[in-house]
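**Q** Structure provided below as structure tokens; questions to follow.
The values are calculated or read from the model by the stated rules, or taken from the named source; none is laboratory data. Computed from a prediction, not measured in an experiment: that's the story for all the values here. Here the Cβ positions follow ideal geometry from the backbone for every residue, glycine too, while neighbour counts run over all protein chains shown.
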Amino acid sequence: MRDLRADEGPELLRDYVGHPLMVHDRPVSMRIAAVGTILLVGVSACGGEPAPRPSLSSAPTCSESVGGQAAPTDGYRVVAGAVAVPTDRVIGVASSGESAPAAGLFAKWGLLVRTGATAEVSVESGPALIGWGNPAVPASSVRITACPEGTPPQPWTAFAGGTWLAAPACVPLVIRAGDEVAPARMRIGVPCV
């Protein structure tokens, strides 16, 4: 983990944030297993009732952060008092390199968590998966523990990661931090209407 310099700002976070081929040191099979579980649940429930949403989760910690920042960058919005997400722009998508069609695309974006806070980010509905950390593990829900106050010295902890999905979509998230719960709509490859 290292602190971001003031002149690195959003460019570094945007370029460094967790694309699977750039920052991961674990085998792709871990992500494929998570996506395979989702597909298996979906296929086994074919019929009259929709498949129940699996409750997969991951939990990155301070040691998996990419550093600290003094404040959320332009285009980021603070949600639930302790999390900042890029809700003001459409986030580009690229091939994820995953063999599972449900995770064929990846949109990399950084998540900022107020230093000293713990937050949970969940996909409210739809087939998208999210993940941050090193490696970022695709999941429907992620509990993030930021660094303790003073480590890094900046008030925000930055995590690399993003969203996996089959096709561009407006992805609804629910963000919980302390007693606050708030929605956020992520523009993954398309605008939200």
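**Q** I'd like to verify a number: residues in region 65-85 that are under 11 Å from residue 114 (Cα atoms), among the aliphatic types (A, V, I, L, M) and in a strand (DSSP E or B), how many?
**A** Count: 4.
**Q** Only one of these conditions is not met by residue 92: (1) among the small types (Gly, Ala, Ser); (2) buried (at least 19 other Cβ atoms within 10 Å of the Cβ); (3) modelled with pLDDT of 95 or more. Which number is it?
**A** Result: residue 92 passes all but (2).
**Q** Restricting attention to region 178-186, does a residue exist that is without any contact (Cβ under 8 Å) to a residue 40 or more places away in the chain and surrounded by fewer than 22 Cβ atoms within 10 Å (Cβ to Cβ)?
**A** The answer is yes; a qualifying residue exists.
**Q** Kindly provide the set of residues from region 120-179 that are closer than 23 Å to residue 73 by Cα, under 10 Å from the mean Cα position of the chain (by Cα) and polar (S, T, N, Q), ordered by number.
**A** 122, 163
**Q** Take the residues of region 95-111 that are within 14 Å of the chain's Cα centre (by Cα) and among the aliphatic types (A, V, I, L, M): which is surrounded by the most Cβ atoms within 10 Å (Cβ to Cβ)?
**A** Looking at the filtered set, the residue picked out is 111.
**Q** Confirm whether residue 149 is closer than 20 Å to residue 65 by Cβ, out of contact with any strand residue (DSSP E or B) (no Cβ under 9 Å at 6 or more places or on another chain), among the acidic types (Asp, Glu) and in contact (Cβ under 8 Å) with a residue 24 or more places away in the chain.
**A** yes
**Q** Give all pairs with beta carbons closer than 6 Å in which a residue from region 112-137 that is surrounded by 19 or more Cβ atoms within 10 Å (Cβ to Cβ) and at pLDDT below 90 meets a residue that is in a loop (DSSP other than H, G, I, E, B) and charged (D, E, K, R); count only pairs at least 6 apart in sequence or on separate chains.
**A** 135/26
**Q** Next up: For region 138-170, give me each residue that is surrounded by fewer than 24 Cβ atoms within 10 Å (Cβ to Cβ) and in contact with a Pro (Cβ under 6 Å, 6 or more places away or on another chain).
**A** Correct list: 166 only.
**Q** Does at least one position in region 101-109 carry a residue that is out of contact with any strand residue (DSSP E or B) (no Cβ under 9 Å at 6 or more places or on another chain) and either at pLDDT below 95 or in a strand (DSSP E or B) (or both)?
**A** Here is the first cut: in region 101-109, the ones out of contact with any strand residue (DSSP E or B) (no Cβ under 9 Å at 6 or more places or on another chain) are 101.
Of the ones still in play, those that are also either at pLDDT below 95 or in a strand (DSSP E or B) (or both) are 101.
Yes, that holds for at least one residue.
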